[in-house]
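Working notes, structure below.
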Amino acid sequence: MAQGRVQEYIIVKGASEHNLKGIDVVIPRNRITVITGPSGSGKSSLAMDTIYAEAQRRYMESLSSYARQFIEQLKKPDVQSITGLSPAIAIDQKTVIRSPRSTVGTITEIYDYMRVIYTRIGRPYCYNCGSPVGGQRIEGIVEAVRGLPEGTRIQVLSQIARERKGEYKKELDAMRMEGFLRARIDGKMVELVEGLKLKKTQRHTIEIVIDRLIVKPGIEKKISDAIEIALRYSDIIVVNLVDEGRDILFSKSLACPRCGISYPEIIPQLFSFNSPYGACPRCRGLGFEDLREIYEEMTGGILDGESDKEFPEPAIDEFSEWSELNGRLSFNRCSECKGTRLRKEALGVKVGGLNIGEFSALSVREAEGFLRDLDLSERERYIISRPLKEVHERLEFLKRVGLDYITLDRPSFTLSGGEAQRIRLATQIGSRLTGVIYVLDEPSIGLHPSDCKRLLETLRIMRDAGNTVIIVEHDEETIRSADYVIDMGPGGGIYGGRIVASGIPSEIMADPESLTGRYLKGELSIPVPSFRRRPFDFIEIIGASEFNLKDVNVKVPLGVFTCVTGVSGSGKSTLFIDILYRACMNHLYKSGLRPGRFKKIIGLEKIRRVLCVDQKPLGRTPRSNPATYTGLLTLIRRLFSQLPEARMRGYTPSRFSFNLPGGRCEACGGDGLKKIEMHFLPDVYVPCDECKGKRYNRETLEIYYRGKNIADILDMTVSEALDFFQNVPDIRQRLSILDEVGLGYIRLGQPVTSLSGGEAQRIRLSREFVKRTGGNSLYILDEPTTGLHFADIEKLLKVINRLVDSGNTVIVIEHNLDVIKSADYIIEMGPGSGDRGGEVVAEGTPEEIASNPRSITGRFLKEKLGQGARNVIPA
């Protein structure tokens with residue numbers, strides 16, 4: 001393969017990023033390549049941190065030095081050379097904005113195209129009486145103003161610009177020359193002085209002050225004259241009630257003939273909940289009343305509606321906080337807009353009988369049907385042909401990646417990592433780019449085996465459009481369907497970082513050195529358990545009806561390993577995390593979490609503890625590491641403080657912390673690195689001159705245990721430390737658990753920010769084994785196989801079984817068939833996704849599920865079960 005022309009391949013030489021061992025790799029262009037291997041073997045280091053990072057860096061370097069100073073600079077990966085690169089796009093689980101102002105519709109741009117459609121062919125109706133809205137006559141406007149209480153001070157304004165960019169110097173000078181003295185610009189009164197101009201890059205609303213009046217008898221002529229003059233310059237008249245600080249809008253073109261209510265100009269901004277022009281004044285476009293106060297706190301901005309700029313966004317590092325808030329907020333829909341986020345005038349505009357808020361509440365499948373059946377005139381169809389085509393295509397792409405159940409108004413911070421990734425995938429297909437390298441991180445996450453076929457078809461479409469698709473993946477079907485496979489290993493961490501095998505899938509299976517190949521060939525496999533445990537009792541959920549759940553009743557077995565499965569969007573997480581877990585947290589700890597809707601739950605008193613083990617990061621600071629998180633460093637610091645030399649010097653355990661003054665290196669504050677700013681070039685991080693990257697000062701590093709100081713210990717892998725501390729029982733115990741869950745390759749001092757979601761989840765699990773809980777704990781694991789190779793899944797199952805054998809209950813939400821076949825009991829949700837799901841379609845042992853004609857999972861499970869298990873639970 002290396003014999004081919006450079007243009008046909010991406011050729012990587014001497015890649016040494018993270019744990020890569022100076023490897024050389026050849027990847028065919030315009031093909032689907034899967035990079036697989038055990039956890040920590042270097043897959044992401046090669047795909048993301050080397051190939052994608054270098055492609056991005058080269059693009060940045062093509063910009064001018066002036067432009068580069070405004071962009072976050074990227075460091076050069078540790079690689080000798082890469083040829084055959086083209087522009088690259090990474091599609092992972094972390095790059096979707098999780099702001100409360102972001103929805104599925106805005107991410108995919110479907111909502112933006114629909115705003116254009118509603119602007120062009122939408123028909124306005126009165127929000128008060130439902131009558132069609134038409135133009136207002138001058139007499140009607142005069143009558144309405146004259147009807148104000150006597151003594152009311154008013155200003156008559158003519159709106160000459162609404163949310164438009166530009167300096168407006170010429171227009172403002174012209175108004176001044178015509179004798180007008182004042183204008184209200186962006187909500188503030190200004191004098192029309194010579195040379196007045198606005199910022200060209202900002203949107204502005206300009207309203208010329210025509211006259212100032214006091215309502216009293218005989219004022220009709222002056223009001224009429226002012227309105228006639230105002231209408232010369234604009235169809236929109238604003239009557240400002242000075243003492244109340246309130247505006248009344250009148251439109252020559254839009255007003256209700258019955259109620260006399262005027263409507264603003266119908267422009268795309270009217271349908272934007274991110275603009276004060278269109279946002280609901282009560283919730284300011286957030287849709288939920290309890291989000292506004294938190295939003296203002298996070299952005300530092302007051303949503304008072306005085307500015308015509310779009311609302312501010314939280315800082316990047318605060319986006320993840322929204323997922324955590326999700327469980328604590330009551331999520332009361334705004335009483336004014338009913339959660340549609342828009343002002344009532346915008347909701348009065350309809351297409352096909354639905355306003356844009358009602359359209360956004362449709363699922364992808366429902367939206368497609370609605371648009372397909374629209375009854376439009378030939379003229380209307382011609383006017384919206386282009387935006388309608390874009391919307392149809394994006395809806396089709398969302399269907400292809402298995403997201404037909406998702407609603408367009410769904411906030412992005414409620415999306416799972418897999419859903420967010422597939423939405424970005426659908427968006428990229430819609431961009432119709434060619435010659436691009438797409439780097440994907442486990443796109444199969446969250447997908448039931450029945451959904452994977454559609455995902456693979458989507459990847460082929462991207463490839464056939466002339467793109468290179470590189471996927472970090474463990475899913476068996478995805479590996480078998482690849483054009484080319486790179487198997488990394490042979491282990492993780494320091495034991496990985498090499499290419500074990502490469503070639504087409506059949507070549508991988510024929511290579512005896514490939515661990516992946518041996519599993520694909522069936523030479524190695526995860527065995528079916530020899531028996532199924534029987535539950536000692538049940539927790540019963542009655543009348544669960546949150547989101548798409550259809551008044552579900554289900555009995556959750558206790559004392560066994562239960563797997564919850566079903567197609568994507570069928571209601572698994574809603575039932576077992578949003579309802580069961582949060583109800584348990586409230587019952588046991590008075591947590592204040594808001595559970596989903598249910599009638600009652602019987603049997604919560606049967607459990608003593610509950611823990612939801614997900615894949616959220618263990619921390620956001622590189623100062624946190626596996627040793628600190630698991631409590632190992634506390635034990636190691638105590639050991640060092642008890643050494644004769646340390647006791648003689650009066651060193652306490654705090655002396656051996658790199659976070660506290662005394663023992664840490666003060667030159668770098670315990671970071672071990674110093675940042676050097678390079679201005680037009682990326683910042684450079686170099687080891688601290690004082691401590692040489694060891695984080696501690698010289699005196700602390702003079703204390704040795706068996707020839708190793710504290711910095712040497714933190715640089716060890718778990719496996720190395722396990723050998724080193726064999727004779728220290730409490731330290732050995734914690735290291736043994738980390739090794740058992742398959743994390744022998746990680747370093748004790750490795751920053752938690754560098755750990756994958758699967759690694760973080762297993763570290764959380766390992767910490768549970770240290771606690772003496774006495775059984776009767778409930779563990780809920782959300783897709784624990786993410787990032788795990790076949791061999792890693794086998795280790796995970798041992799951990800799960802150990803928890804159950806200790807008298808606990810484990811519920812795993814999972815699609816992996818090896819995990820499903822290993823469970824004692826299965827609860828399958830479905831039968832479809834979204835409004836077609838929300839039911840329990842099958843319950844029982846894996847054998848019973850495999851023989852159940854209603855079970856979609858059962859069709860795939862039959863092949864995996866083989867001989868089956870004994871001692872099954874009776875139906």
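The values are calculated or read from the model by the stated rules, or taken from the named source; none is laboratory data. What you see is a predicted model, and the numbers here were worked out from it, not measured in a lab. Using ideal geometry, Cβ is built from the backbone for each residue, glycine included, and neighbour counts are taken over all protein chains shown. Side chains included, ligands, DNA and RNA excluded: accessible areas come from the protein's heavy atoms. Shrake-Rupley method; radii C 1.70, N 1.55, O 1.52, S 1.80 Å.
Find the residue count for the stretch 596-627, including only residues that are surrounded by fewer than 19 Cβ atoms within 10 Å (Cβ to Cβ), more than 25 Å from the chain's Cα centre (by Cα) and of a type outside the set (Gly, Ala, Ser).
8
Where in the stretch 77-165 are the strands (runs of 3 or more DSSP E), entirely inside, with at least 1 residues that are in contact with a Lys or Arg (Cβ under 7 Å, 6 or more places away or on another chain) and surrounded by 19 or more Cβ atoms within 10 Å (Cβ to Cβ)?
So the answer is 88-91, 153-165.
In a loop (DSSP other than H, G, I, E, B), closer than 26 Å to residue 743 by Cα and hydroxyl-bearing (Ser, Thr, Tyr), is that true of residue 568?
Against the criterion (in a loop (DSSP other than H, G, I, E, B), closer than 26 Å to residue 743 by Cα and hydroxyl-bearing (Ser, Thr, Tyr)), residue 568 does not qualify.
Acidic (Asp, Glu), modelled with pLDDT under 90, out of contact with any Ser or Thr (no Cβ under 9 Å at 6 or more places or on another chain) and within 13 Å of residue 159 (Cβ to Cβ), is that true of residue 247?
Answer is yes for this residue.
Can you pull out every residue in the stretch 750-785 that is among the hydrophobic types (A, V, I, L, M, F, W, C) and at pLDDT 85 or above?
752, 763, 778, 780, 781
Being more than 22 Å from residue 433 (Cβ to Cβ) and either of a type in the set (A, V, I, L, M, F, W, C) or modelled with pLDDT of 95 or more (or both) is the filter here, so list the residues in the stretch 79-101 that pass it.
79, 80, 81
So in the stretch 220-231, with the set limited to residues that are open to solvent by 10 Å² or more (accessible area, probe 1.4 Å) and in contact (Cβ under 8 Å) with a residue 60 or more places away in the chain, which one is nearest to residue 149 (Cα to Cα)?
220
Which ones in the stretch 173-185 are open to solvent by less than 40 Å² (accessible area, probe 1.4 Å) and under 24 Å from residue 241 (Cα atoms)?
Within the stretch 173-185, 175, 180, 183, 184, 185 qualify.
Let me spell it out: the conditions are (1) of a type in the set (Asp, Glu); (2) closer than 22 Å to residue 49 by Cβ; (3) open to solvent by 20 Å² or more (accessible area, probe 1.4 Å), and residue 759 meets all of them except one. Which number is the exception?
(3)
For the stretch 546-565, which positions are in contact with a Ser or Thr (Cβ under 9 Å, 6 or more places away or on another chain) and either modelled with pLDDT under 95 or open to solvent by 30 Å² or more (accessible area, probe 1.4 Å) (or both)?
Scanning the stretch 546-565 gives 546, 547, 548, 551.
Considering 695, 747, which residue is open to solvent by 20 Å² or more (accessible area, probe 1.4 Å), within 23 Å of residue 785 (Cα to Cα) and modelled with pLDDT of 90 or more?
Only one candidate passes the filter, namely 747.
Could you check how many residues of the stretch 183-195 are part of a loop (DSSP other than H, G, I, E, B), closer than 21 Å to residue 234 by Cα and out of contact with any Asp or Glu (no Cβ under 9 Å at 6 or more places or on another chain)?
The number of residues fulfilling the criteria is 0.
Only one residue in 198, 213, 249 is open to solvent by 10 Å² or more (accessible area, probe 1.4 Å) and in a loop (DSSP other than H, G, I, E, B). Which one?
198
Among the residues of the stretch 578-595, write down those that are surrounded by fewer than 20 Cβ atoms within 10 Å (Cβ to Cβ) and farther than 13 Å from residue 539 by Cβ.
Result: 585, 586, 589, 590, 591, 592, 593, 594.
Tally time: how many residues in the stretch 766-778 are over 26 Å from residue 633 (Cβ atoms) and either assigned to a loop (DSSP other than H, G, I, E, B) or open to solvent by 10 Å² or more (accessible area, probe 1.4 Å) (or both)?
So the answer is 3.
This table checks each residue for (1) touching a Leu at 6+ places or on another chain (Cβ under 8 Å); (2) more than 23 Å from residue 520 (Cα to Cα); (3) aromatic (Phe, Trp, Tyr).
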| residue | (1), (2), (3) |
| --- | --- |
| 795 | no, no, no |
| 800 | yes, yes, no |
| 813 | yes, yes, no |
| 838 | yes, yes, no |
| 843 | no, yes, no |
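Looking only at the stretch 174-182, decide whether some residue is part of a helix (DSSP H, G or I), within 47 Å of the chain's Cα centre (by Cα), modelled with pLDDT of 90 or more and at negative phi.
Looking for residues that are part of a helix (DSSP H, G or I), within 47 Å of the chain's Cα centre (by Cα), modelled with pLDDT of 90 or more and at negative phi, one finds none in the stretch 174-182, hence no.
Is it true that residue 534 is of a type in the set (D, E, K, R) and without any contact (Cβ under 8 Å) to a residue 24 or more places away in the chain?
Against the criterion (of a type in the set (D, E, K, R) and without any contact (Cβ under 8 Å) to a residue 24 or more places away in the chain), residue 534 does not qualify.
Would you check if residue 188 is under 48 Å from the mean Cα position of the chain (by Cα), of a type outside the set (Gly, Ala, Ser) and surrounded by fewer than 17 Cβ atoms within 10 Å (Cβ to Cβ)?
yes
Look through 309, 350 and report the one residue that is more than 30 Å from residue 585 (Cα to Cα), at pLDDT below 95 and open to solvent by 30 Å² or more (accessible area, probe 1.4 Å).
One residue alone meets the criteria, 309.
Considering the stretch 507-529 alone, what residues qualify as being in a loop (DSSP other than H, G, I, E, B) and open to solvent by 60 Å² or more (accessible area, probe 1.4 Å)?
Of everything in the stretch 507-529, those that are in a loop (DSSP other than H, G, I, E, B) and open to solvent by 60 Å² or more (accessible area, probe 1.4 Å) turn out to be 512, 513, 523, 525, 527.
Need pairs with beta-carbon distance below 8 Å; first residue under 13 Å from residue 735 (Cα atoms) and within the stretch 628-651, second in a helix (DSSP H, G or I) and among the charged types (D, E, K, R); sequence gap 6+ or separate chains.
Note: pairs meeting the criteria are 629/767; 630/734; 630/767; 631/734; 631/767; 632/734; 635/730; 635/734.
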